[in-house]
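One structure is given below, encoded as structure tokens.
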Amino acid sequence: MPNKNKVTQKIPDKLFFKIGEVSKLAATKPHVLRYWEKEFPVLKPTKSDTGQRVYRKKDVELIMEIRRLLYDENFTISGAKKQFKRKYTRTKKNVAQKDIVEVQSATDLDIALLRNELEEILKLLKN
């Protein structure tokens, strides 16, 4: 049975993680992680040539956030999805007109996340 207490374990500084590693970090079973992939379109681990799921650190951070919302904050899956949609949606109120991203589908959300990641990479390269 997974440990439903708060998980405060630090995510190791690695580029890629296997599902078993992520399962231990999040104190949940691998089948739960696979289910979350179906429910949360922002969570998209890649697959290796052998078909094994490969999570990036960003994916693990998303999983930890999903876990926090579901287990610690007692959100339903639907409520957690709404939280993610709010978090990753920008509106006219908080960004310049050219940067407006209104999420209307999972694909738009993926594009918004990718854009944010690319902006972070660009900032790192400028330093």
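Readers should treat all values here as calculations from the given coordinates under stated rules, not as data from a laboratory. Being a predicted model, the structure only gives us computed values, none of them experimental. A quick note on method: Cβ atoms are made from the backbone with ideal geometry, for glycine too, and the neighbour counts reach across all protein chains shown.
How high is the relative contact order of segment 1-87, in percent, with contacts defined as C-alpha pairs under 8 Å that are six or more residues apart? Please report the intermediate quantities before stating the final value.
Details: 80 pairs, mean separation 27.7, N = 87.
Reported as a whole number, the value is 32 percent.
Determine which residues of segment 6-48 fall in the zone a paramagnetic label at ASN116 would reach in this model, i.e. backbone nitrogen under 17 Å from the point 7 Å along Cα→Cβ.
Counting backbone N atoms under 17 Å from the label point, the list is 40-45.
Subtract the Cα-Cα distance of LYS126 and LYS57 from 0.36 nm times their separation in residues, and report this length gain in nm to one decimal.
Working: separation 69, 0.36 × 69 = 24.84 nm, distance 2.16 nm.
Length gained, LYS126 through LYS57: 22.7 nm.
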